[in-house]
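Structure record follows, encoded as structure tokens.
The values are calculated or read from the model by the stated rules, or taken from the named source; none is laboratory data. Since the structure is predicted, the reported quantities are computational estimates derived from the model, not experimental observations. Reconstructed Cβ throughout: ideal geometry from the backbone, glycine too, with neighbour counts over all protein chains shown. Just the protein is used for accessible areas: all its heavy atoms, side chains included, with ligands, DNA and RNA removed. Shrake-Rupley method; radii C 1.70, N 1.55, O 1.52, S 1.80 Å.
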Amino acid sequence: MVNFVFFIILLVVGHVTSFDEEPFSVEAKLINDLLSDYNPQISPILKQRLNISLSMTLSQIISVKAKSQELTTSSYLSHAWYDTRLNWEPAHYENIRLLRLPAKCVWKPRLLLENSKDGSFDISLNTNVLVWYNGSMEWLPPALYKSSCTIKIAMFPFDEQVCDISLIYPTFHGDEMQFILGQDFITIDPGAYQDNGEWHLKKTSVRLSDHKDGYLFSVYIKRKPQFYIINIIIPCMLLSSLSCLVFYLPSCSCKFRFAVVFLFFCGKNMYFEGRRESFV
């Protein structure tokens with residue numbers, strides 16, 4: 001009797017296990033069939049030039065440093081291309097039409113940051129690649145770029161700057177691989193974009209680089225002057241006005257005391273505001 005009950009338990013557990021693993025085994029078989037003879041080091045370039053759709057989505061302008069001439073941005077690079085080696089018939093694999101494969105398992109285009117400031121030229125994270133049944137590939141890796149940017153402060157604090165993110169593809173010639181831009185500007189997602197506290201984003205643009213081996217993603221930014229108006233310009237104007245008006249006060253010692261006290265409070269306010277700004 002005990003042996004019979006034990007046999008029934010094994011039969012039920014085995015049936016449940018086989019039922020749960022069946023969909024995973026089909027996907028595992030599909031992945032194994034696709035990658036068994038696949039070499040991610042070999043590009044899908046055949047007789048024709050490989051066209052890759054490219055676009056950038058800006059998430060945030062993190063910082064603009066005038067002293068080090070540096071722009072730090074957070075963005076996403078969207079890649080789309082075809083790899084004819086990775087296609088299958090969905091009817092043969094229980095109608096599976098989409099796979100998510102690790103980036104290291106498939107070939108993918110590589111863009112490098114030419115004007116890097118910290119020696120990091122590549123993307124930040126190799127996310128999974130979406131592989132469709134017809135060989136269509138989609139890849140959306142995030143990138144944290146620290147690029148060089150010439151800051152012109154002649155009109156400070158009412159200045160406007162133009163900073164470029166220069167991306168190049170040095171490993172392939174233009175006759176072998178071509179990046180196609182879906183639009184001539186950087187995409188700004190209103191739901192995901194985080195505004196910068198010091199800089200206002202006016203517009204963006206994308207154009208082919210001068211050497212025609214990459215693209216320049218440009219951001220046009222304008223400084224927000226409210227902080228400098230309140231804490232620098234207005235106190236300086238008041239001090240200048242006080243220097244002229246103090247001579248119209250009666251000739252007594254209170255005139256000198258009033259000027260010293262007012263100058264002390266203005267200087268104290270500017271000092272603490274400057275320290276707070278440096279910490280931020």
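Some points to look at:
- Rounded to the nearest 10 square angstrom, PHE156 shows an accessible area of 90 square angstrom against a 1.4 Å probe.
- The listed residues GLU198, GLU89 rank as GLU89, GLU198 when sorted by accessible area, largest first, using a 1.4 Å probe.
- Accessible area (Å², per residue) of segment 35-149, counting only protein heavy atoms and a probe of 1.4 Å: 53 Å²
- Options SER78, TYR133, LEU111, ranked by Cα towards positive dipole end of segment 19-138, top entry (Cβ charges): LEU111
- TRP132 accessible area, 1.4 Å probe, all protein chains in place, Å² to nearest 10: 90 Å²
- Ordered from largest to smallest accessible area (heavy atoms of protein chains, 1.4 Å probe), the residues PHE217, PHE158 come out as PHE158, PHE217.
- Each residue was assigned an accessible area with a 1.4 Å probe, and for MET237 the value is about 120 Å².
- Each Lys and Arg adds +1 at its Cβ and each Asp and Glu adds -1 at its Cβ; summed about the Cα centre, segment 81-136 shows a dipole of about 40 debye.
- Residues ASP37, ASP213, sorted by accessible area with the largest first, give ASP37, ASP213 [1.4 Å probe; ligands and nucleic acids excluded].
- When the listed pairs LYS202/LYS224; LYS65/LYS146; LYS29/LYS108; LYS67/LYS222; LYS67/LYS117 are checked against a 19 Å cut-off, the alpha-carbon distance exceeds it for LYS29/LYS108.
- Sulfur and carbon atoms: percent of accessible area, segment 131-192 [1.4 Å]: 58 percent
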